[in-house]
Amino acid sequence: PPPLLPPRSPGWRSAPMFVALLCFGAAAGGTESVVHGPFDPGYDGGNEYYYADPKLGKLPRISFDHAPNMTCNANPTRKFDEPIHGVNLGGWMVLEPWVTPSLFYQFLGADRRYGKKAPDHVGMDTYTFCKALGPEEANMQLRRHWQTWLTERDFKKLHELKINSVRIPVGDWMWRPYGPYVNCTDGALDELKRVLDLAHKYGMTALLDLHGVRGSQNGFDNSGMMRNLVWTEVPAWLTSGQVSFSHWMEQAPDWIGTFDRKTWKTTTISWANVDAAIDVLCDMVDMFKDHPAVFGLQPLNEPWQETPIGPLKRFYWEAYKAMKRRAPHWKFIFSDSFRPSLELWGGFMTGCPDVVMSTHLHQAWMPAQPAINFMIAACESKKMIAGLVEAGIEVIVGEFALATDNCAMWLNGFNDNLPGYPMVECDYVPCADPYMGDDQPGAPPDSNLAEQGPFGTGMSTPRYGMCPVDRSWPDDDRVMRKLAHKKLNAFLAGSGWFFWNFKTEL
């Protein structure tokens, strides 16, 4: 999903002793009491924050020299043995209503059934799914979802299509559950092991992608929890007397710190949240460092574009060192935070081995325009990728798709849409029968009912058993094939790509 502004195309000073320790290649320890710190807009990633690795001294030292300015003195090995031709396994461990709507149909009509208590009975993401259903019912539904949404049959098909890698979105709650996740996501790690074993069986590598963290790194449902959702009895656009909600005009993440929407600035930094994220990354590496399929780690998916670059770089740097102590052979794939800019990333982690920048190149949020313009934009992305690579930044396209509009139901959130979207008249198809079986509550939606609330500030919802999907182009197969060729040719400038998504329900 996109940041609110602008729409994207479908996130002090050092003490002398600390500097001395870094110069000798050792990691210094932090203090639990340091929770928030003032944010200096001029902060460049400095040396005050550092991660207190609980296993420091028990792990091998990092095998190359690394400096306080977040660079290394090594012969960087960044290229892959072969280009990545991969897919994302989205909507599996980190729920996204637009990917698997059958899990979320059960929440339609909650405003009618529960009235003012509707907010406690509506799931829009993984967090509220667990909260609305309670740990027992939610876990039962999640286990069924995990086992049926991603099966060995899917891996056989991907193997036939010559896919050589999978990117697996996961959440921090799988290792250290909190709030409504407690007992709700039991069994998730066993399922992750099952899928990694299948990837290995079919000759694929796997990238572990921390897609959701406490507080949310972008405020979107794909982080596990939409942040700053506001419920009201005053409807956003329909008739009076219904419970409705607003998200896009309030959306702001809380992981990196406090964001003030009035000044449009980050005012404080939460180093405790950064610590918690790296704790989980260490758990992930400790658990899977010897698994034959796993080749690397993405420390955070899509931190939004207003995330302060200095603290974000410091998080990446500390996470990189923690990973290298545990899995020296893994690659470190960091997100560009919607900002694939040489000005921002040039010189960062120069000389450090196994470092790759991931950029996401979606076109679904571009204005409505002729098909040729999407193809031109796809070709132009090659220049951007090549410029970064020539400057020494290895690049992989971590997500891309062929969507050229926002019509996919719930792409911008459950029963919601971004202001002004969709920009075209969408196609409609019969809402799919539930992939997990007929026992799934509320699925498919009742074909005798029109739109059901609760509603957000935009419209995207089933009506009379029909669901909105991408608008077809005239001669759609030819247009999509040509657009795909343009994109894949552009991505040759980098180290490969992961298509989003391996499948969707509609």
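The values are calculated or read from the model by the stated rules, or taken from the named source; none is laboratory data. These numbers come from a predicted model, not from an experiment. Don't worry about glycine lacking a Cβ; one is built from the backbone with ideal geometry, like all the others, and counts go over all protein chains shown. With ligands, DNA and RNA removed, areas are computed over all heavy atoms of the protein, side chains included. Shrake-Rupley method; radii C 1.70, N 1.55, O 1.52, S 1.80 Å.
See the values below:
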read-out	value
Å² of accessible area per residue within segment 110-195, as computed with a 1.4 Å probe and no ligands counted	46 Å²
Portion, in percent, of the accessible area of the chain that falls on carbon or sulfur, probe 1.4 Å	54 percent
Thr71 accessible area, assembled protein chains, probe 1.4 Å, Å²	30 Å²
Shape category assigned to segment 306-401 from the gyration tensor of Cα positions, a/c cut at 1.5	prolate
Exposure ranking of Arg176, Arg61 by accessible area [1.4 Å probe, largest first]	Arg61, Arg176
Alpha-carbon centroid distance for the pair segment 96-151 / segment 328-380, whole angstrom	33 Å
For segment 55-134, convex hull of alpha carbons as volume per residue, Å³	226 Å³
Beta bridges by DSSP in the chain, antiparallel share as percent, to the nearest 5	35 percent
All aspartates and glutamates inside 14 Å of Lys156 as judged from Cα atoms, apart from same-chain residues fewer than 8 positions distant	Asp197
Estimated D of segment 375-506 in µm² per second, where Rh is the Kirkwood radius over Cα pairs and Stokes-Einstein applies at 20 °C, 1.002 mPa s	125 µm²/s
Gained length - Val424 relative to Asp477, 0.36 nm times residue gap less alpha-carbon distance	17.2 nm
Global geometry of segment 185-323, whether rounded, prolate or oblate, following the gyration tensor of its Cα atoms and the 1.5 cut on a/c	oblate
Estimated FRET transfer efficiency (Glu82, Lys262; beta-carbon r; R0 56 Å; 0.05)	0.70
Where labels lie 7 Å past Cα in the beta-carbon direction, separation of Met140 and Asp197 in nm	2.6 nm
Projected label distance in nm at Asp283 and Glu343, using a 7 Å step from Cα toward the beta-carbon	3.9 nm
Burial order of peptide ranges 120-132, 199-211 (average beta-carbon count within 10 Å, highest first)	120-132, 199-211
Rotationally averaged projected area of the chain (alpha carbon convex hull; nm²)	22.8 nm²
Helix-only CD estimate at 222 nm, as mean residue ellipticity for the chain, using -39500 (n - 2.57) per DSSP H run (n ≥ 4)	-8500 deg cm²/dmol
Probe 1.4 Å - accessible area at Glu82, Å² to nearest ten	110 Å²
Under 20 Å from Lys157, Cα to Cα: lysines that are on another chain or at least 8 residues apart	Lys193, Lys201, Lys503
Rg over Rh, two decimals, segment 92-199 (C-alpha only, Kirkwood Rh)	1.03
Charge context of Ser244, other residues only, Cβ under 10 angstrom, K/R +1, D/E -1	-3
Average accessible area per residue (Å²) across segment 450-506 - probe 1.4 Å, nucleic acids and ligands excluded	45 Å²
Solvent exposure ordering (accessible area, 1.4 Å, most first) of Arg481, Arg314, Arg471	Arg481, Arg471, Arg314
